[in-house]
There are 2 protein chains.
Amino acid sequence: MQFEQNKFYLTVDIVVFTIIQGELKIVLIKRKKEPHRGMFALPGGFVNLHESLDDAAKRELHEETGLKEVFLKRLHVFADINLKRLRVFADVNRDPRGRVVTVSYLALIDGETVKLHATSDAELAKWFSIGNLPELAFDHREIIEDALKELRFEIQMTNIAYQLLGPKFTMSELKNAYEIVLDKELDKRNFSKRIKLLGILRPTTETKMEGAHRPAQLFEFKDKEYTFLKDKINVFV
Amino acid sequence: MQFEQNKFYLTVDIVVFTIIQGELKIVLIKRKKEPHRGMFALPGGFVNLHESLDDAAKRELHEETGLKEVFLKRLHVFADINLKRLRVFADVNRDPRGRVVTVSYLALIDGETVKLHATSDAELAKWFSIGNLPELAFDHREIIEDALKELRFEIQMTNIAYQLLGPKFTMSELKNAYEIVLDKELDKRNFSKRIKLLGILRPTTETKMEGAHRPAQLFEFKDKEYTFLKDKINVFV
DNA sequence: CCAAAAGTGTTAGTGATACACCCATGT
DNA sequence: ACATGGGTGTATCACTAACACTTTTGG
């Protein structure tokens, strides 16, 4: 075939966001091989020739971060979502080994699931606050910045927040997640009104008592599928 | 290198939109080679190993549609824009020649530029109405549908409409372009108010007389750079 | 009764929507 | 004078934004 020589390496890189101790964090792994050995990088790696990008992302994330079944299950959900928002990074010189094109993935998981992981494999995979990242291999800083922008966009335009929280949560917990992602304080009255108006939540009959104050009502997401709140988009009459 | 066998072909495909005779159209070319010889496909092709995706897109578009300098100049603008919205199509079986991953580009040009082209090379490259496409090679129909969705999103959220029109235009011409892209009638009073409110246009002192009626004021875009109208996005207080 | 977070309502302002008439021109 | 498309204004409604007090609980 005429173009036999023009072949590329294809990789996937996954930006996994979560909230731990009130901070937005991502998983990074310490590279064991050259290039950039010893530096931190996003989990990810080479796509096999007969493997879908989604499968490669799940496989690499599992291999490199050693995450458990629980986490993989969540990951599956994320894969469904993020096919819609794949990004490509393809600069000629982005990898010293040759021409490597990468496709980035965005994943969200909730803090509870995270804790299960963080104890198991801390040597290789660690959580880093988004505001305090180490020096990163390749162009991974750029990929992360892009993913963060996308996350901020998506959390306002879609219902993806369901991935950041457990199945039931208080309005305060939800607001807190938005505040952390958007890095901005929100007014609780307006937040609550707006979220209710969007109609993405269903109140449950349960409440959560925690500390010396009035118990909070628990909510759940109506849909645990990626939904675009498109009324906000079709702006022209 | 361990992954030597896992190499991919990388292609770019370009969806070029324009408006001709009141219809939204795209360029398709008739394939001269197998696979899918004789079928219509998006302009595009293999990326060379030492070439950026943008350069490959410009090169392939020029090679396959024979477009002139005028057009290439516009294309350059489009390339700047659309790096932000690259899409990947990477299914395992999308091309019978092997594992081919493609990156899609979205381009807009104005009807005037188009006419220059359409006469030159009509055998191989043709304009097709978006509502009346022929059978398409590979997964190009899916790529086009994706590009159309993106176009409809972008025309409402950004100032990309400047690429669909000449340097100066009447409010009616602009409204018409929006109507064609969105496939929806718009109220001229509300459209005009909203566009003025967005502040992306500057009125000129010139007018356009055409037919037996009051002459129309000509406008131009303030910025001919991709601008996101982000006030519409940050929705939370 | 005190501390702490939950929960809730009003007002003013801004933009969205729906709708109808006059204006400038060529014939 | 009339036909044609250009150009504009107003009233209603919905959402945004700013802001403070009462409720429920544990200690």
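The ranking of B:62, A:50 by Cβ neighbour count inside 10 Å, starting from the fewest, reads A:50, B:62. Between copies, the label points at residue B:149 (set 7 angstrom from Cα along Cα-to-Cβ) are spaced 2.1 nm, reported in nanometres from shortest to longest. Backbone geometry of the range B:215-221 corresponds, through the Karplus equation with coefficients 6.51, -1.76 and 1.60 at θ = phi - 60°, to 3J(HN,Hα) couplings of x, 9, 6, 9, 10, 9, 6 Hz, x marking Gly and Pro. Comment: the Cα-to-Cβ extended label point of residue B:202, at 7 Å, lies 5.5 nm from its counterparts in the other copies, nearest first. Under 5 Å from the amide H of residue A:201 lie the amide H atoms of A:222, each residue being 5 or more positions distant or on a separate chain, with H modelled from the backbone and absent for Pro and chain starts. Peptide packing: for B:192-204, B:153-165, the average count of neighbouring Cβ atoms within 10 Å per residue gives the ranking B:153-165, B:192-204, highest mean first.
Listed peptides B:32-38, A:139-145, B:104-110 appear in the order B:104-110, A:139-145, B:32-38 once ranked by packing, highest mean of other Cβ atoms within 10 Å at the front.
Inter-chain neighbour count for A:184-197: the average number of beta-carbon atoms from partner chains within 10 Å of each residue's beta-carbon is 1. Neighbour counting of Cβ atoms within 10 Å sorts the residues B:55, A:183, B:13, fewest neighbours leading, into A:183, B:55, B:13. Distances between copies of residue B:213, taken at a point 7 Å out from Cα along the Cα→Cβ vector and listed shortest first: 6.2 nm. Here each label is just a point 7 Å from Cα along the line to Cβ, and for residue A:37 and residue B:33 those points are 4.1 nm apart. Mean per-residue shielding of peptide B:42-52 is 3, counting Cβ atoms of other chains within 10 Å of each Cβ.
Averaged over peptide B:160-167, the number of partner chain Cβ atoms lying within 10 Å of each residue's Cβ comes to 0.
Near residue A:17, the amide H atoms lying under 5 Å from its own belong to A:107, A:108, A:109; only residues 5 or more places off or on other chains count, and H is placed 1.01 Å from N. Within the range A:160-232, all pairs of alpha-carbon atoms sorted by distance into 5 Å bins from zero give the percentages 3, 15, 24, 28, 20, 7, 2, 1, 0. Of the cross-linked pairs A:58/A:208; B:193/B:224; B:7/B:33; A:149/A:184; A:32/B:7, those separated by over 26 Å at the C-alpha level are A:58/A:208. A Förster radius of 30 Å combined with the Cβ-Cβ distance from residue B:214 to residue B:157 puts the calculated FRET efficiency at roughly 0.40. Here the mean projected area of the convex hull built on the C-alpha positions of the range B:4-54 is 5.3 nm². Between residue A:50 and residue A:183, the modelled label-to-label distance comes to 4.5 nm, taking each label 7 Å out from Cα in the direction of the beta carbon.
Throughout, read-outs are computed from the coordinates displayed, never taken from laboratory work. Computed from a predicted structure; not experimentally measured. Here the Cβ is made from the backbone with ideal geometry for all residues, glycine too, and neighbour counts use every protein chain on show.
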